[in-house]
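The values are calculated or read from the model by the stated rules, or taken from the named source; none is laboratory data. Just so you know, these numbers come straight off a predicted model, no measurement behind them. Cβ: placed from backbone, ideal geometry, glycine included. Neighbour counts: every protein chain shown. Note: areas computed on protein heavy atoms with side chains; ligands, DNA, RNA excluded. Shrake-Rupley method; radii C 1.70, N 1.55, O 1.52, S 1.80 Å.
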Amino acid sequence: MSRILRSYLRFASTMSTLETLNFDNTCLKSLPIDEVAENYVRTVAGACFSRVRPTPVRNPRTVAVSRSALDLIDLNDAETDRDDFADYFSGGKLFPGAEPAAHCYCGHQFGNFAGQLGDGAAMYLGEVVNRRGERWEVQFKGSGKTPYSRTADGRKVLRSSIREFLCSEAIHNLGIPTTRAGACVTSDTMIPRDINYTGNPIEERVTIVTRIAPSFIRFGSFEIFKTRDPLTGRSGPSVGRKDILVTLLDYVISAHYPEIKAAHSDDVESRYAVFFRAITSRTIDLVVHWQSVGFCHGVLNTDNMSILGLTIDYGPFGFMDRFDPNHICNSSDNNGRYTYRKQPGICLWNLERLADALAPVLSREKSAEELKRYEKEFEIRFLKKMKQKLGLESDDADDSDLIDSLFETMHATGADFTNTFRCLSRLKLPGTSKEEEAQADVLTYLLSQCSSPQEMLASEKSMMDPRQLHMLLQLAQQNPQILELLGGSLAQLEAEKNRQERVSQLEKLTPEEKSAKDHHLWNDWLEKYRLRVSKEVSTAGDLSVDELQEKRVRLMNSHNPRFILRNYIAQNAIKKAEEGDFSEVKKVLERLENPYDDSPADVAVSKPTDETFAEKIPARIAASYDTRPPVWALGLTVS
């Protein structure tokens, strides 16, 4: 027997089957469990979990699996080919050792305290300890009702499940902390969904996603102890239970921040303060990563913020195509609370709510000390990340101005966010061959990534009638308090005024005028960038210009993805899956597993065969996974 074969067999013997996953459910053993055994919708007081069981579906079948995610729980690859794989991963069969439960949490939703929320469509199955000693919580999403389902059915459908499955893995492969998606299983069980909230529901297939993470505990987990909210009148279901708050805190620190527990074993408040500092730091890193790739979460409520700094709860997310700092990816976000520009500030606001929740055991003075560092620390880390994306390693006082002017140019020209950054590595350093030719090629490419006046108009949707805006602006000047009572703000009105002015200008702009303007703006910025990049040569040390160029390209191409999960790419995969063809989901997953790949692999992707989708779509248009979206995709909305 060869050495390679022996090594393979030894490795395979450490992997698990569907029946032998190494469940060790410490979280459920450590935290209080609901005493009520029946599964019906109710307020759950004095507990962090309620025991539940998945509701089986008819004829489950596998849409796709992520082998790298399932490897986290030591599942043997061969197990994914078993006839009963979909039964296990839809809840029809229960993994031996699993203890299904739903987690109780609260949350501030769109700025207001919503009271008890909880796992209304998700279920904790347990924690698997793998051969490396790592502990991974396994969870189903879409597996049926729980005590926290409120008026919902605890189910998810094919389209939303495919989006979550693909984006979880896309974000991971971009190098951003996230929950993982191990499997996506659909079925013949049908449920009604009103996609556009028009009162015309359609029947959709129940689909279950398997999610994997060290923990799904979130900011909202600590809000179940919240006292009565003065605005909404709601309180947490376990208000006043400081004992459970301490139990939850100590469990989280012991399980997920053991170094903090070891360093502060005798000083409880210092332990909690350092814990809060760690969450703040991880949250800053997370939102810096999001901003750097143009990712918008869409629903940054406190119940969707991880205490481990992970991207969790993929709903109406979106990667920006055309750069717009006010980009809204969630069509239900009517006031633009969660735009791209606002994500860092919203994360800070959510940390403030977490500080409120921890106030019984961590003084506000201590938490305030940590929060004061947030904005400055975010700016430092974001600048570092952007310098990496631009291939700038030496220090320069004007780098912030260069980056700001890049964003302004992208916004003014409607340039594609991802492709703009990716193409800049094609520029050559001074002293390398074909430097001027490369700059001309990059300029030509950048111009091809700019939006036409019509494309920009299609996404600049006015939120109100101009006459109504004028009236509200006058009202705001005379009596700002009345505006607040109406649920608005002066900032929102000013943003709408600016939007309407942009629309007016775009309506008068011809394609030729737009193209000439774009050429001027990009030519000016590229000259600034060329001058800044030339300074890298003077600080290169012993490296030759060619060696420095290779190093610069490697740095930039490892921070600027070629492939992201664009909405139209996800929609293509969903459309085919709804017709029973899961090949596009698997093909997209394969591409997203290598987002920085620069090889000239086949990346062709077909459009939906339905000619009526989004009112009118060409039957088939050649495109590729790394191109900016076709015109038909401008009409896609996600809620």
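The set of residues from the stretch 387-411 being under 23 Å from HIS519 (Cβ atoms) and either of a type in the set (D, E, K, R) or modelled with pLDDT under 95 (or both) comprises ASP401, ASP404, GLU408. Out of the residues in the stretch 65-104 that are of a type outside the set (D, E, K, R) and assigned to a helix (DSSP H, G or I), state the one that is nearest to GLU35 (Cα to Cα). The residue in question is TYR88. Of the residues making up the stretch 232-249, just one is surrounded by 14 or more Cβ atoms within 10 Å (Cβ to Cβ) and over 17 Å from GLY46 (Cβ atoms), namely ARG234. Here is a check on your reading of the model: is ILE346 open to solvent by less than 30 Å² (accessible area, probe 1.4 Å), under 30 Å from ASP524 (Cα atoms) and out of contact with any strand residue (DSSP E or B) (no Cβ under 8 Å at 6 or more places or on another chain)? No; evaluated as a whole, the condition is false for this residue.
Within the stretch 42-64, being of a type in the set (Val, Ile, Thr) and either closer than 21 Å to ILE208 by Cα or not in a loop (DSSP other than H, G, I, E, B) (or both) holds for VAL52, THR55, VAL57, THR62, VAL63. I'd like to verify a number: residues in the stretch 421-478 that are open to solvent by 20 Å² or more (accessible area, probe 1.4 Å), over 30 Å from GLU547 (Cβ atoms) and touching a helix residue (DSSP H, G or I) at 6+ places or on another chain (Cβ under 7 Å), how many? The qualifying residues number 13. Here LEU531 passes the criteria (1) in a loop (DSSP other than H, G, I, E, B); (2) without any contact (Cβ under 8 Å) to a residue 24 or more places away in the chain except the one numbered (1).
Within the stretch 342-350, can one find any residue that is under 28 Å from SER160 (Cα atoms), touching a Ser or Thr at 6+ places or on another chain (Cβ under 8 Å) and part of a helix (DSSP H, G or I)? Scanning the stretch 342-350 turns up at least one residue that is under 28 Å from SER160 (Cα atoms), touching a Ser or Thr at 6+ places or on another chain (Cβ under 8 Å) and part of a helix (DSSP H, G or I). The residue that is farthest from LYS514 (Cα to Cα), counting only those in the stretch 412-435 that are touching a residue at least 12 places away in the same chain (Cβ under 8 Å) and polar (S, T, N, Q), is THR432. The lone criterion from (1) open to solvent by 40 Å² or more (accessible area, probe 1.4 Å); (2) free of Cβ contacts under 8 Å to residues at least 24 places away in the same chain; (3) under 30 Å from GLU393 (Cβ atoms) left unmet by ALA540 is number (1). Regarding ARG211, is this residue charged (D, E, K, R), assigned to a strand (DSSP E or B) and in contact (Cβ under 8 Å) with a residue 60 or more places away in the chain? When the stated conditions are applied, ARG211 passes them.
The single residue among ARG42, ARG10 that is at pLDDT below 95 and either loosely packed, with under 12 Cβ neighbours inside 10 Å or more than 29 Å from the chain's Cα centre (by Cα) (or both) turns out to be ARG10.
GLY92: closer than 15 Å to ILE208 by Cα and either open to solvent by 50 Å² or more (accessible area, probe 1.4 Å) or modelled with pLDDT of 95 or more (or both), yes or no?
The answer is yes for GLY92.
Scanning the stretch 58-77 for residues that are of a type in the set (Val, Ile, Thr) and either without any contact (Cβ under 8 Å) to a residue 60 or more places away in the chain or under 22 Å from ARG155 (Cα atoms) (or both) gives THR62, VAL63, VAL65. When the stretch 192-212 is limited to residues that are of a type in the set (D, E, K, R) and under 22 Å from VAL65 (Cβ atoms), the one that is surrounded by the most Cβ atoms within 10 Å (Cβ to Cβ) turns out to be ARG211.
Among the residues of the stretch 354-385, the one identified as basic (Lys, Arg) and open to solvent by less than 40 Å² (accessible area, probe 1.4 Å) is LYS385. For the stretch 126-178, filtering for residues that are buried (at least 20 other Cβ atoms within 10 Å of the Cβ), within 25 Å of CYS104 (Cβ to Cβ) and among the acidic types (Asp, Glu) leaves 3. With the condition kept exactly as written, say whether any residue in the stretch 386-409 is in contact with a strand residue (DSSP E or B) (Cβ under 9 Å, 6 or more places away or on another chain) and surrounded by 14 or more Cβ atoms within 10 Å (Cβ to Cβ). The answer is no, given that none of the residues of the stretch 386-409 is in contact with a strand residue (DSSP E or B) (Cβ under 9 Å, 6 or more places away or on another chain) and surrounded by 14 or more Cβ atoms within 10 Å (Cβ to Cβ). Within the stretch 268-295, restricting attention to residues that are touching a Gly at 6+ places or on another chain (Cβ under 9 Å) and under 14 Å from ILE253 (Cα atoms), the residue that is most open to solvent (accessible area, probe 1.4 Å) is ALA278. Residues in the stretch 237-285 that are without any contact (Cβ under 8 Å) to a residue 12 or more places away in the chain and either within 16 Å of GLU370 (Cα to Cα) or among the aliphatic types (A, V, I, L, M) (or both): ALA262, ALA263, SER270.
State whether the residues of the stretch 326-334 include one that is modelled with pLDDT under 95, under 19 Å from ASN560 (Cβ atoms), open to solvent by 40 Å² or more (accessible area, probe 1.4 Å) and of a type outside the set (Lys, Arg). Yes, the stretch 326-334 contains at least one residue that is modelled with pLDDT under 95, under 19 Å from ASN560 (Cβ atoms), open to solvent by 40 Å² or more (accessible area, probe 1.4 Å) and of a type outside the set (Lys, Arg).
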